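Since the structure comes first, as structure tokens, the remarks are kept for the end.
The values are calculated or read from the model by the stated rules, or taken from the named source; none is laboratory data. Predicted model only: the values in this text are computed from it and were never measured. Here the Cβ positions follow ideal geometry from the backbone for every residue, glycine too, while neighbour counts run over all protein chains shown.
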Amino acid sequence: MRIEVLHGPNLNLLGQREPNVYGSASLVEVDAAIRSAASELGVEVGIYQSNHEGGLIDRIHEVSARVAGFVVNAGGYTHTSVALRDALAAVGRPFVEVHLSNVYARESFRRESLLAPVALATVSGFGVRGYTLALRGLVGHLEPSRGG
């Protein structure tokens, strides 16, 4: 089984960008935690980051036939991108939406997700652990014998 993890805009700045909100782990450290969890679960994982909406959409189109699902932190596109939402819905693969911070405890505009209505689930507020929680939940959904 292969899962694709998508990091949206500004996530390349993790560890530098508002550490009081997003934590001190770098994207390299986040990716290492994801790979470690994937190895423990016995699944393959692909990881992609882009600051560009079209780059994320192109990646979804490119890999969708080879993956069982997605873990997606769309960053600011969560609240603005109908195109990203439509791409995820169009490929017919389940995905879990991830947010490092608790978006419901922040500015009001962050409380509406265009992705959530088509997502399998949303993980919010657990920091870096949100990615591994999302991965475990998605794998469990896809293969209930793994603990879903």
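Numerical summary
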| read-out | value |
| --- | --- |
| Failed item in (1) in contact (Cβ under 8 Å) with a residue 24 or more places away in the chain; (2) out of contact with any strand residue (DSSP E or B) (no Cβ under 6 Å at 6 or more places or on another chain), with residue 13 passing the rest | (1) |
| Residues that are touching a residue at least 60 places away in the same chain (Cβ under 8 Å) and out of contact with any Leu (no Cβ under 8 Å at 6 or more places or on another chain), drawn from the range 65-99 | 66, 67, 76 |
| Test: residue in the range 40-63 that is buried (at least 17 other Cβ atoms within 10 Å of the Cβ), among the polar types (S, T, N, Q) and not in a loop (DSSP other than H, G, I, E, B) | yes |
| Filtered residues of the range 15-39 (kept if modelled with pLDDT under 95 and either in contact with a Phe, Trp or Tyr (Cβ under 6 Å, 6 or more places away or on another chain) or surrounded by fewer than 13 Cβ atoms within 10 Å (Cβ to Cβ) (or both)) | 16, 17, 18, 19, 20, 21, 24 |
| Test set (1) over 12 Å from the mean Cα position of the chain (by Cα); (2) under 14 Å from residue 93 (Cβ atoms); (3) hydrophobic (A, V, I, L, M, F, W, C) - residue 6 fails condition number | (1) |
